[in-house]
Each structure stands twice: as C-alpha cells, then as structure tokens.
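Undergrad: Below are the structure tokens for one structure; questions will follow.
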Amino acid sequence: MSTGLPPQPDGPPRRIAGAQEERLRLRGQTLLREAYGYAEGVMARGEGGEVVVYASVAACRARDAGRARLVVVCGARDREEARAQLGAAIAGTSAGGGAWLRGAEEADEEVAIFRRVEGDALVEWVGLPRPGESWERLGRRAKAELVRPQDLKGLLRRCHNRLHARGAAGDEEDLTLDVVRILVTKALDERGEGELPQFYCTAEEYPTPAGRRAAAARVRALFERAKSLYPGVFRGDERITVGDRAICDVVGELQAFRLLSEDASSDEWDVMGLAYEEYTAVALKRKRGQFFTNRLVVDLLVGLVDPDDTDRVLDPAGGSAGFLSGALRHVRRKVSAAKGREAARRRIQAFQRRLFMVEISRRLVKVAKTAMILSGDGHTGMTQGDALGPLDQLDPALLEACGPGTPTVILTNPPFAGVGDGRITDARVLERFECGRRWATRDGVYGPTAELLAEGAPPELLFFERCVRWLAPGGRLGIVLPKSVLDTATFRPARALLVRECRLLAVITCHKNTFQPHTGVRTAILVVERRRQGEASADPPVFMAISRAVGQDSEGAPVYARDATGALTGALDEDLSQIAAAWNDHRRGALAASEYRFAVAPSALDDNLNINPQAYRPSLNATIEAIEALDDAAGWSVSQLGELAGGVEVFKGPRLKSENLLVDEERAGEPGVEPYYTPSAVLQERRDAAKRLDTSRASASQAATIAAIRVRRGDLVITRSGTIGRVAMITALFDGAIVSDDLIRVRVADEATRLYLWAYLESRAAQDQIMRNEYGAIQQHLEPAHVRSLLVPVPTEEGPFTAIVDARRRMLAAKEALLEAQGGSDAGVAGLLGFLTADPS
C-alpha cells in the first residue's frame, strides 16, 4: 500500500540540537557500514545534514545526485516530522529510499526504513539493500548468504526499539521477553534443515496486511516448534504477544544475519551470548536488588576461580546466567586451545551439562535459558527456586546432579539488602542459618547463639553461608558482595564462618562505579576454597587488590583510556585485566607487590577479622610501622590518641531528630531560634549556611541531644562520612553552636596538647591511619573508636613541641581576627545598603 508524503510543515523541518544530531549522524554512518556493508568512501553528508550513500566512490566525490542510492536523515522529534524530513532529502536525487534515525540516547534509538515508489511517495520497507542489491531483492536469502553482524548489541537494541516504536503493549520486561522469543525462533531456524530459511519477510509481503500476516505466521510456527523442543524454557500456552507488523519489523532487522556458529568451540558463540546478556541487562528492570553484573567483573571473577571442563558449576542466584555463560566462555577458550577439534567439541558439550543455576524469578530463568541456548546451550541446568528456602524444595533434577557438597565451583552475585527494607525477617528462613542468629563471644569463642536476629539478616549474609555449605570440599567459591562484608560488625559472622570453614584466597574491592547507575552500593569480590575434612596444611597468603577504574562513569557510560599523547583509544579505562594478571603472578609466586595489588599473610588478620584491602595497603601500614618505630627512638613518645595526657574525649554525639523544630529563615533572630550547622558550614566557616531551629519547642530528650551536640571553642572536629578525615578547630565564631553529629568531636582540656593534636591530625601520618580505618558499602565512614586508636607521636623535647604549639596558636588567633574583620565588613555593607531590605510599603 502506497502513501504519499504528509503536508510539509511551515518553514524547514525542525532539527534537534547540533551535538545530539551529530551523534545520530555518526551512528547512522556506523549502521550503514557495519550492518549493511557500505564503505566509508561512498557516504557523504548532504546540504541538510543527512547522510547520502552513492553508487560509487566517484559518484560520492562528485556529489552526483543522479547516482544516489539511499539517504539517512537524523534528528527529527517525531515520526511524521522524520518522514517529511526524509522525503525532502530524497527529492531531487535518484535515491530509491532511505531511513530516519532519532533518539536522545543510543539506547533509545529508533530506526524506520522507507522505499520511494511512484514518484516521491514513501512506503515503509522491510530493510535497506546491501551494496549492489535491489530494493525488491530484500527478504528470503539462502542461509549460506547470511552474514555475521558486526554490532550485535546494536542489532538487538534496534529489535527492542522497533517493538517499542510500534506501541507494543506491556512494559519493558514484556517487550524484552518478546525479543527473546523471536530470537529463539531465529536460532532454531538457523539450526534447521534446508538451504532456505523460514524466518524471513519479503519486500512484497511487508507492505500489505496479508503479507505481514503470512510472514508473522511463519515466525509463530517456529515458536510453536521451539516450545516443543524447549519445554523447560517456554510454557505450552506461551505466545509471541506483539502483532504481525511488529514481528515483521524485528524479522526485517534480523533476517540478513547469521547469529549462531556451526562450531561448538567457536568464539562466535561468546560474541552472541555476550551481546544477548548485555541487551537483557539494559532492557530488563532492576528489582529486589537484582542488578546484572558488570561484564568485566564476570570475566575477572571467572578467571580468578578458573573452572575447567571437569568442574560442576553452580550459581544459586543466577539472574540471567551471566556467570554460567562466562564460565562456558572461559572453558571453551581453554579447551579450544588444546589439540583436536572433535575432542574439544565433545569436552565442551559435556561441560554444558555441568552448569546449574537457581533463580527465584521465573522470567529471569527464561532469559537465562535463552542466554545459554544462544551461547551454545547448557540451558537444562537452569532452574526456578528459592536458594534460601529448604533445599529439599528445589528442583529434584538439580539436587540429584548438583546437590549440597557436589558443586566444585560456585560463582554468584546474590541480591543485596542495600539501604532499604531488604533484610530477611522471616523466622522460618533465619532459623535455617547460623548467620540468621545473633553471634557473641563466650569463653573466648565467637559463635552463634540461639537468638534469631530480631532486625533481620541481609540476604547476602545468608547467601554466603548457603554457598559455603553447598560447596564441595576443596571447591572454590567466587562471590560478589557489598564491601561492608569485609569489615563491619554486621557481617563479622560471615567472616568468622569463612575463616573456620574456608581458605580465603583473594579479596578485591571494586570501583564505586561498578554497579552504577543502578545502585550506589560499593562491592567486593571474594574467592575462597572450602576446607577438606581434617586438612591441616597452612593457609596460603591472601591476594588483595583495589580496583581504581572500571571502564564506565557513574551514569554507566563507557570511559576510554588515553594514550601517551592524551588521545582517546578504543580500549576501556579499566584495571581489572591488570588485577587478573597480578593474580596469575601471585599463583606462580611471582607477584610484584604494589600499592593496590599485594598479598597478606592470614596471620595478619586482626581479631575483628578485617579483610578489607584498604587496611593492608603497603603505604598506609608503612606509615604505622614508622610511627611505632618512633616509640623506641630517643626524643619520642607514641600513644594512642585516646590515651594522651591532658584529658581527651572523643565522641560523635547523638543524632538529633529536628523535623518538628525546623522554622523558616524569616524567623532568624527571634528568641529561641538558633542556627543548626552542617559539617560543610563549620569547615568553611560559613554562618549563613544553616537551617533554623526553634529550640523552645524541644522536648526534654531533644534538649538533651542539643546540649550534647553543641560545640565549644577549641573543639577539634573530624568529618566521619563521605569525604572522611577533614579536620577543623572550632573558633569563637561557632562557640556554643548546634552542629550535626556527622562530625566526630575531639575535646582536649590541655591547650598545648590540643593545638599540637590539631596540627598532627592534618598531617599525612594521621590521615594515612584514618584512611586505613575507613569502611562502608555506599559511602565511607569513620567512628570515634578509630580516632581514639590513632597513634600519635609526641616529641619529648620541649623545643620542637613548643614551636608547633606556638605556630598553631598564632594560626588560631589570625583566623579568628580574619573572621571578626569579615563579619565587621559584612555588617558595614548591610548597614550602608539597608534600603534594599526596607519594607517597600
């Protein structure tokens, strides 16, 4: 059915902002080059900013409109405007059609393709022709003619956006599952017999309802066959929910390409599985802490655990099977490097039957099974169930093949509780786990009591215990956990369980952007080996690393490395590959220790079982060792800050619930109304940056809290959240002020000790110790106990000590004089310009 161009809007078609339009134009050229095979030399920019594809390089150089093949326009705001823009760009050329591309972000890109018929009329078409191919030729190509796509992720994203653009019913998860269903039919068709595919839509079929109905019917028939072949993946009543036209749109995107490899050992399986996983990770919503693991982290963790084709691999919180497909990729590469293609194929096929998963979400099980099919198979071990529930309620086939004590490798990223109400409080769940109980030290032994955790347990704590219990003796566990597992009291039971029943092999803290923008929780990787019964050999040194780059920013956008000249390269700016190389060196006994990659003796762990690499950084510990050495040196005395002579108090004060006390700024100056300062206001000496509290409204408990958090002139304060360790002394400007408890107070009675300590806390010697003690999964924290335990070297000779104290005394006096002068000048200006604040009435 032909349709002419819609009426032209008044004036030229509207165009979006230049940077966005340029991005789309570059994407259009990439699409033409990578998806359709057009050479760069036949593409040029037209006068209106469109991309014109010519019949030859010579025609392109001459800008010969009579030899234009097709046109791509970029940047319209809606479909009708885009169509009008494309029609205007094609007019006056010999182009047989073209496409428009729009979308604010790459993930939202929308593509529509049109053929030019009967003059300047445009009709939607099933695809763009390749070089030398006619518009009529599009459709059913022989399987031998299908080519591998260069941009699989882009191809899958365009399929998704095609459905979205058609206004297909349902949410993003529904659309994603329809793409999954159609992908399986495509894969099944490629594996089927015959030289010609059934997965196609011809140029003659696409323009008419009857033709689209016939093409969609072929796809639906393939899906019915897929349901019979994969009954564990698709229900008997399941169907492709989108309409004929939407199905044909996706077929049009996929039909020219071959997605699967005929070789079981081929790396092409890896490419397809990887693209599918990244597509589903973007398209599916994140629920209940189920965030898809960064692919670099998957590859790192799989490499650390290093499974081979004899291992039995389990993920009890499988999600979309990212770790299992990662394990399959890893083993495929190892086996394929061995001699004998047929032997490699048999070993890989055998390993595919050793992959198992439990996932509570039925939708994700479907996604995972499809991921494995598209990765070369291994889908039969993907099961639905609650890994924290009673084990005997899990899939019987799973328990028979991979029951407790059977898996030799567990790879997982369990859901995290985060900062919300994600803790597990169900007593029926908690009582199944030692870590679901309160732990205490009795007769010198730290262990679980009979009391359940009234506040509940973070699911990751219980998952860790379940993984340890499930693992075969001698088996390896690689797990992603919140960074707080490494050093906080909440997770000390997990660390005690780890030390008691496992060998800790590696700890790596991940960069803060690793799971951004989906969650701000900082994470860490643990690799452990379950002890064999009666094993008495010494534990090996623990490999530790701190990742400082993960190849993406806080919005999830890629960050690329720069070369020696500062120019951007095509490689991601990440250090996980370097960490992997350091791990391999460590295993060979050849690790060259550095500040962020080193090994620690198990005996170095403290009583709290702190396994945070930050606490073992060589430079920070070298600082402590140097300070401790001063204690034996003449002219020095070293004490913990809390034990200094001169009367030292270290506290943070109670938290003030101030909602009922807050009043508007206009009430400043009224009796009982006082400023309430944040740490930033105090550190920056800004009295204007404050909320206002009506303290006359305070209850008795609030009044006691206010009294406790007032600061005094001479108090030292230290930031304890976020950017920790910033130090200030309270001047006369804030004497008696109400200040947030987010500052740790250090109150020292002796003036000389106080002034010396002010100087010392700002030094590297103190800051290194503070940095060593920081902890936290979302932002860094510091506690008063950490400050009390800081080692403080004090010169015993009066001369050097007095010089420092006198310098700080002058510094405080100068600072207070400056603040007084500033206050006077501000008041003077306000007086001179008082007319600006006068009541205009």
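Undergrad: List the relative contact order of the chain as a percent without decimals, with contacts defined as Cα pairs under 8 Å and 6+ residues apart. Let's see the in-between values first.
TA: Working: 1512 pairs, mean separation 55.4, N = 841.
That works out to 7 percent.
Undergrad: Once you have a ≥ b ≥ c as the square roots of the Cα gyration tensor eigenvalues for the stretch 683-841, tell me rounded if a/c is under 1.5, and otherwise prolate or oblate according to whether a/b is larger than b/c.
TA: Working: a/c = 2.18, a/b = 1.42, b/c = 1.53.
Judged from the Cα gyration tensor, the stretch 683-841 comes out oblate (a/c at least 1.5, b/c at or above a/b).
Undergrad: If you don't mind, there's one more thing I want to ask. Suppose every Lys and Arg Cβ carries +1 and every Asp and Glu Cβ carries -1, with no other charges. What dipole size does the chain come out with about its Cα centre, to the nearest 20 debye?
TA: Rounded to the nearest 20 debye, it is 2220 debye.
Undergrad: In nm², what is the average projected area of the convex hull enclosing the Cα atoms of the stretch 526-610?
TA: Numbers: hull surface 34.8 nm².
Mean orientational projected area (the stretch 526-610, Cα hull): 8.7 nm².
Undergrad: Roughly how many nanometres apart are two label points built 7 Å out from the Cα toward the Cβ at GLN150 and THR30?
TA: For GLN150 paired with THR30, the spin-label model returns 1.1 nm.
Undergrad: Please state the charge dipole magnitude for the stretch 674-754, taken about the Cα centre, from unit charges on C-beta atoms (+1 on K and R, -1 on D and E), reported in debye and rounded to the nearest 20.
TA: Numbers: 13 positive and 10 negative charges, 19 e Å.
That gives the stretch 674-754 a dipole magnitude of about 100 debye.
Undergrad: For the chain, what is the mean residue ellipticity at 222 nm derived from helices alone (per DSSP H run of n ≥ 4: -39500 (n - 2.57); sum divided by total residues; nearest 500 deg cm²/dmol)?
TA: Details: 24 runs with 303 residues, N = 841.
Rounded to the nearest 500, the figure is -11500 deg cm²/dmol.
Undergrad: Antiparallel DSSP bridges in the chain: what percent, to the nearest 5? All intermediate terms of the calculation are to be shown ahead of the outcome.
TA: Working: 73 of 96 bridges.
In the chain, DSSP labels about 75 percent of beta bridges as antiparallel.
Undergrad: Out of the total accessible area of the chain (probe 1.4 Å, heavy atoms of protein only), what percent is carbon and sulfur?
TA: Working: 18700 of 36560 Å².
It is 51 percent, rounded to a whole number.
Undergrad: Can you work out the FRET efficiency for the pair GLU238 and SER134, with r the C-beta to C-beta distance and R0 = 41 Å, to the nearest 0.05? The partial results should precede the final answer.
TA: Numbers: r = 38 Å, r/R0 = 0.93.
Efficiency, rounded to the nearest 0.05: 0.60.
Undergrad: For helix 798-832, what angle does its Cα long axis make with the longest principal axis of the chain, in degrees from 0 to 90 and rounded to 10?
TA: Approximately 70 degrees, to the nearest ten.
Undergrad: Would you indicate which of [x] 39; [y] 51; [z] 44 is the value of percent of Cα pairs over 41 Å apart derived from the coordinates of this structure?
TA: It is the value labelled [y].
Undergrad: Still on this model: How much of the DSSP beta bridge set in the stretch 466-597 is antiparallel, as a percent to the nearest 5?
TA: Working: 20 of 24 bridges.
Of those bridges, close to 85 percent are antiparallel.
Undergrad: Let a ≥ b ≥ c be the square roots of the eigenvalues of the Cα gyration tensor of the stretch 620-678; is it rounded (a/c under 1.5), or, if not, prolate (a/b larger than b/c) or oblate? List each step's numbers first, then the result.
TA: On the way: a/c = 4.30, a/b = 3.42, b/c = 1.26.
In terms of gyration-tensor shape, prolate.
Undergrad: Also, quick follow-up: What accessible area per residue, rounded to a whole number of Å², is obtained for the stretch 319-473 using a probe radius of 1.4 Å? Numbers along the way, then the final one.
TA: Details: 6410 Å² over 155 residues.
Computed with neighbouring chains in place, this is 41 Å² per residue.
Undergrad: Quick one: net charge of GLY672's neighbours, Cβ under 9 Å, K/R +1, D/E -1?
TA: Numbers: positive: ARG697; negative: GLU670, GLU674, ASP694.
Neighbourhood net charge equals -2.
Undergrad: Another question, if that's okay. Distance between Cα centroids, the stretch 641-673 to the stretch 528-587: provide it in whole Å.
TA: Distance between centres, Cα-based: 43 Å.
Undergrad: A further question follows. Please report how far the C-alpha centroid of the stretch 189-233 lies from that of the stretch 811-831, rounded to the nearest whole angstrom.
TA: If we compute the Cα centre of each part, the gap is 80 Å.
Undergrad: When all protein chains stay in place, what accessible area (Å², nearest 10, 1.4 Å probe) is found for GLU820?
TA: Result for GLU820: roughly 140 Å² accessible.
Undergrad: Net charge around GLY232, counting only other residues with Cβ within less than 11 Å of its Cβ (Lys, Arg = +1; Asp, Glu = -1)? Please list the in-between numbers first.
TA: Details: positive: LYS227, ARG235, LYS366, LYS369; negative: ASP395.
Spelling it out: positives minus negatives among the neighbours equals +3.
Undergrad: Which FRET efficiency value, to the nearest 0.05, do you get for ALA708 and SER603 by plugging their Cβ-Cβ distance into 1/(1 + (r/R0)^6) with R0 = 60 Å? Don't skip to the answer; put the middle values down first.
TA: Details: r = 41 Å, r/R0 = 0.69.
It comes to 0.90.
Undergrad: Kirkwood Rh over Cα pairs of the stretch 589-732 into Stokes-Einstein at 20 °C, 1.002 mPa s: D in µm²/s? Mind showing how you got there, number by number?
TA: Details: Rh = 19.7 Å.
Answer from the Stokes-Einstein relation: 109 µm²/s.
Undergrad: Please go through the residue pairs LYS227/LYS334; LYS227/LYS369; LYS483/LYS657 and name each one whose alpha carbons sit more than 24 Å apart in this structure.
TA: Values: LYS227/LYS334 33 Å; LYS227/LYS369 13 Å; LYS483/LYS657 29 Å.
Pairs exceeding the cut-off: LYS227/LYS334; LYS483/LYS657.
Undergrad: How much accessible area per residue does the stretch 561-631 have, in Å², with a 1.4 Å probe? Before the final figure, lay out each step's value.
TA: On the way: 3730 Å² over 71 residues.
I get 52 Å² per residue for this part.
Undergrad: So which trypsin sites (Lys or Arg not before Pro) in the stretch 558-647 end up in coil per DSSP with only 13 or fewer other C-beta atoms within 10 Å? Walk me through the numbers on the way to the answer.
TA: Values: sites: ARG562, ARG587, ARG588, ARG597; in loops: ARG588.
Loop-located and lightly packed - ARG588.
Undergrad: Extension gain ARG655-LYS143, at 0.36 nm per residue separation less the Cα-Cα distance, in nm?
TA: Values: separation 512, 0.36 × 512 = 184.32 nm, distance 6.92 nm.
Stretched fully, the ARG655-LYS143 segment lengthens by 177.4 nm.
Undergrad: Rolling a 1.4 angstrom probe over the protein heavy atoms, how many square angstrom per residue are accessible across the stretch 723-778?
TA: On the way: 1750 Å² over 56 residues.
Using a 1.4 Å probe on heavy atoms only, each residue of the stretch 723-778 averages 31 Å².
Undergrad: Moving on. Which of rounded, prolate or oblate describes the stretch 190-259 when judged by the alpha-carbon gyration tensor and an a/c cut-off of 1.5? Display every interim value, and only then the final one.
TA: Details: a/c = 2.16, a/b = 1.35, b/c = 1.60.
Oblate shape, in that a/c is at least 1.5 and b/c is the bigger or equal ratio.
Undergrad: Looking at the stretch 528-570, which GluC sites (Glu not before Pro) are DSSP coil and have at most 16 other C-beta atoms within 10 Å of their C-beta?
TA: Working: sites: GLU529, GLU535, GLU555; in loops: GLU535, GLU555.
Here the sparse-neighbourhood loop sites are GLU535, GLU555.
Undergrad: Can I ask one more? If I model a spin label at ASP64 and SER537 as a point 7 Å from the Cα along the Cα→Cβ vector, what separation in nanometres do I get?
TA: 7.5 nm
Undergrad: Another question, if that's okay. Which FRET efficiency, nearest 0.05, do LEU818 and ASP563 yield, Cβ-Cβ r, R0 51 Å?
TA: Details: r = 47 Å, r/R0 = 0.92.
The value I calculate is 0.65.
Undergrad: Right, next: Mind putting together the pair-distance distribution for the stretch 387-507? All Cα pairs, 10 Å bins, whole percent per bin, short to long.
TA: Histogramming the stretch 387-507 at 10 Å steps yields 12, 44, 36, 8, 0 percent.
Undergrad: Can you tell me the length gained on complete extension of the stretch THR208 to ALA397, counting 0.36 nm per residue apart and subtracting the Cα distance?
TA: Working: separation 189, 0.36 × 189 = 68.04 nm, distance 4.82 nm.
Working it through step by step, the gained length comes to 63.2 nm.
Undergrad: Which net charge results when you count Lys and Arg as +1 and Asp and Glu as -1 among the other residues whose beta-carbon is under 13 Å from that of GLY736?
TA: +1
The values are calculated or read from the model by the stated rules, or taken from the named source; none is laboratory data. Just so it is clear, the structure is predicted and the values come from calculations on it, not from any experiment. When we count neighbours, we look across all protein chains shown, and the Cβ atoms used for this are built from the backbone with ideal geometry, even at glycine. The protein model used for the area step is the full one, side chains on, heavy atoms only, and it has no ligands, DNA or RNA in it. Shrake-Rupley method; radii C 1.70, N 1.55, O 1.52, S 1.80 Å.
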